[in-house]
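Peer 1: Please read through the structure below; I'll follow up with questions.
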Amino acid sequence: MVPDELAALLERAAAAQLAALCSAAPDRRPGSAGNHVATAYTAAALAGAGWEVVTPEFACLDWYTAGGELAVAGRSIELTPSPYGLGVSAAGVLRVLSDPPDLDRSDLTGSIVVLDGVLAAEPLTPKAYPFYGSDEHARIVAALEAASPAAVLAVTGKHPALCGALDPFPLIEDGDFAIPTANMRPGNTGWLAGCDGTAATVEIRSERRPATAHNVIATRGRRAPRVTVIAHVDTKPGTPGAVDNAAGVIVLLMLAEILSPDRHPEIPVGVELLAVNGEDHYAAPGEVDWLAANEERLVDIALVVNIDGAGYRGGRSAYSTYNLDASLAGHVDAAFALRSSFVRGPEFYQSDHAIFAMRGRPAIAITTDCFDEMLETLFHSAADTPEHVDIGLLLAVADAIAGLILTWP
C-alpha cells in the first residue's frame, strides 16, 4: 500500500494535474494547441519522476468548426458539423433518404442529402480505420461518394455505446470522407420528410488542418519482459475530457511517482508508461505510430494495462481481463480482486487494450462499474468536467498496478 504521506502528496498533485489537463484549450484533440500543451505537460511530469521519456512525433489531421445551418421551406435548422469533415456553402434540392435502396436514386448529384431512419441509425466506421471495418458501412459511404451530393446531413440522436453523450452523434466522423457532412437532432426535424425535392441552402463552417502530435513514452528497466500501462491523452473535439481520459493520464503520473527510481531503485519487470495520442481520433494516429515502431516486439510485452474511464465519482473501478493464462490471472486477481474499490467488470473493446487483445497479448482494462451511466451522461461531451472525478479512486488504481508490478513473479 502507498504510505499515507505519499498518498496525500499524490492526491494534492493529482488535483492540479487534472485541472491543468482539462483546461488545455480548446480541447485535447490530436494536433490541436491544447493537445500539444497536454503532451508536453505529461512528458515533463514523467521525466520529473525520474523516468526516461521520449515523445515521438507523428502526422495527423486537426479540424476547426464554427457551426452550420440548413435553410429550407422558410425555416432554418442548426447543424452540428461532423468532426474532421469539410466545409461548404451551397444551394441545391433537398433529397431525404431513409433506407439503403434510396442510395440508388439518380437525382442525388449536387443535391443536399438528408439521411434519416435506418441510414442514420448508427455511426459509420471511418473508411481507413485501422483496426476493424464494416462492409455494410463501406457500401453506404461508397454510394454517397459516388452520388456526389453537395452535402450529407444526418438526423441522429444519441448512441451512447459508440458516441457517449453526444447529441446529435456524428454519423460520419471521417477525415477521408469526400463530402461535407453535419448532423441534427431528430426532435425538430420531422417535417423535413415532406420537403424532398424542395430548394434548400446549406452552410457548414469547417476546415481540415494538417498537423502533428506526439505520443509520450516513459520507461524503466528491461525491454523484455515488460508491463505496458496505457492511457490515452487525447479527447474528442469540444470536451474537457476529465473522466475520458485525463483521469487515466493521472494514474500514469501517480504510478511514475510510486515506482520512481528514488523509491524503488530496482523493479522486477520492465515498465512502459504510454500516454497514447489518438484513441478518440477517427484514424487512431498515435496508436498506429506506436504499433509501427513496436509491431515486431509485441512479444516482449508480458501484460498490457489500459486505463480508460476510471475514477468516475460514485462508482468503483471495474477491471476485465483478456488472454491471461491461469498463472497470470491469479496474479492479477491477487492485485485487484481483494480491494474494496475494485469489481470484476464485463469485457469491452472500445479502447486501446483491444488492439493488444486482438493480437493475442495478455491485457487488462480498467474503467468504472458505472460504465453505461458514464457513457450516457459524460463521455465525449462538454459535461465531462473535473468534478466528476474521484481522485481517491485513481490513487487506488495506481496503487494496485504498482503492487502488481512490484510483486511480479
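The values are calculated or read from the model by the stated rules, or taken from the named source; none is laboratory data. Here the structure is a predicted model, which is why all the values come from computation and not from measurement. Note that we place each Cβ from the backbone using ideal geometry, even for glycine, and neighbour counts take in every protein chain shown.
Peer 1: Can you name the residue in segment 264-293 that is in contact (Cβ under 8 Å) with a residue 60 or more places away in the chain and touching a Lys or Arg at 6+ places or on another chain (Cβ under 8 Å) and, of all such residues, is surrounded by the most Cβ atoms within 10 Å (Cβ to Cβ)?
Peer 2: HIS281
Table: residues versus (1) at pLDDT below 95; (2) within 22 Å of the chain's Cα centre (by Cα); (3) assigned by TED's automatic domain parsing to the domain that holds ARG29; (4) at positive phi.
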position	(1), (2), (3), (4)
SER82	no, yes, no, no
VAL113	no, no, no, no
ALA121	no, yes, no, no
SER148	no, no, no, yes
ALA151	no, no, no, no
LEU166	no, yes, no, no
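Peer 1: Does SER351 meet the test of being within 30 Å of GLU296 (Cα to Cα), out of contact with any helix residue (DSSP H, G or I) (no Cβ under 7 Å at 6 or more places or on another chain) and assigned by TED's automatic domain parsing to the domain that holds CYS22?
Peer 2: Answer is yes for this residue.
Peer 1: Any residue that is of a type in the set (Val, Ile, Thr) and touching a Ser or Thr at 6+ places or on another chain (Cβ under 9 Å) - is there at least one of those in segment 344-362?
Peer 2: The answer is no, given that none of the residues of segment 344-362 is of a type in the set (Val, Ile, Thr) and touching a Ser or Thr at 6+ places or on another chain (Cβ under 9 Å).
Peer 1: Then there is this: Could you count how many residues in segment 367-380 are surrounded by 16 or more Cβ atoms within 10 Å (Cβ to Cβ) and over 23 Å from PRO130 (Cα atoms)?
Peer 2: Of the residues in segment 367-380, 9 are surrounded by 16 or more Cβ atoms within 10 Å (Cβ to Cβ) and over 23 Å from PRO130 (Cα atoms).
Peer 1: Working only within segment 105-125, note down all residues that are touching a strand residue (DSSP E or B) at 6+ places or on another chain (Cβ under 8 Å) and in a loop (DSSP other than H, G, I, E, B).
Peer 2: ARG105, ASP107, LEU108, GLY110, SER111, ASP116, PRO123
Peer 1: Residues in segment 79-98 that are closer than 29 Å to LYS236 by Cα and surrounded by fewer than 18 Cβ atoms within 10 Å (Cβ to Cβ): how many?
Peer 2: Counting residues in segment 79-98 that are closer than 29 Å to LYS236 by Cα and surrounded by fewer than 18 Cβ atoms within 10 Å (Cβ to Cβ) gives 3.
Peer 1: Mind checking which pairs have a first residue in segment 326-342 that is in contact (Cβ under 8 Å) with a residue 12 or more places away in the chain and farther than 14 Å from ALA365 by Cβ and a second that is among the basic types (Lys, Arg) and buried (at least 16 other Cβ atoms within 10 Å of the Cβ), Cβ under 6 Å, 6 or more apart or different chains?
Peer 2: The qualifying pairs are SER341/ARG316.
Peer 1: A further question follows. Would segment 276-291 turn up any residue that is farther than 30 Å from TYR64 by Cα, assigned by TED's automatic domain parsing to the domain that holds VAL389 and of a type outside the set (A, V, I, L, M, F, W, C)?
Peer 2: Scanning segment 276-291, I find no residue that is farther than 30 Å from TYR64 by Cα, assigned by TED's automatic domain parsing to the domain that holds VAL389 and of a type outside the set (A, V, I, L, M, F, W, C), so the answer is no.
Peer 1: Just the residues that are under 18 Å from the mean Cα position of the chain (by Cα) and crowded, with 19+ Cβ neighbours inside 10 Å, please, taken from segment 338-353.
Peer 2: SER351, ASP352, HIS353
Peer 1: In the set LEU144, LEU162, which member is surrounded by fewer than 24 Cβ atoms within 10 Å (Cβ to Cβ), modelled with pLDDT under 95 and assigned to a helix (DSSP H, G or I)?
Peer 2: LEU162
Peer 1: Can you confirm whether LEU328 is outside the structural domain of LEU166 (by TED's automatic domain parsing) and surrounded by 24 or more Cβ atoms within 10 Å (Cβ to Cβ)?
Peer 2: When the stated conditions are applied, LEU328 does not pass them.
Okay, residues lined up against (1) acidic (Asp, Glu); (2) surrounded by 16 or more Cβ atoms within 10 Å (Cβ to Cβ); (3) without any contact (Cβ under 8 Å) to a residue 60 or more places away in the chain:
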| position | (1), (2), (3) |
| --- | --- |
| CYS22 | no, yes, no |
| ASP27 | yes, yes, no |
| PRO30 | no, yes, no |
| ASN35 | no, yes, no |
| TYR41 | no, yes, yes |
| ALA45 | no, yes, no |
| VAL54 | no, no, no |
| TRP63 | no, yes, no |
| GLY67 | no, no, no |
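Peer 1: Of all residues in segment 58-80 being aliphatic (A, V, I, L, M) and under 31 Å from the mean Cα position of the chain (by Cα), which is farthest from ASN183 (Cα to Cα)?
Peer 2: ALA59
Peer 1: Listed residues VAL96, VAL141; which is touching a residue at least 40 places away in the same chain (Cβ under 8 Å) and over 16 Å from the mean Cα position of the chain (by Cα)?
Peer 2: VAL96
Peer 1: Further question on the same structure: Could you check segment 286-329 and list, in sequence order, the residues that are of a type in the set (Ser, Thr, Tyr) and touching a Cys at 6+ places or on another chain (Cβ under 7 Å)?
Peer 2: Answer for segment 286-329, where residues must be of a type in the set (Ser, Thr, Tyr) and touching a Cys at 6+ places or on another chain (Cβ under 7 Å): just TYR312.
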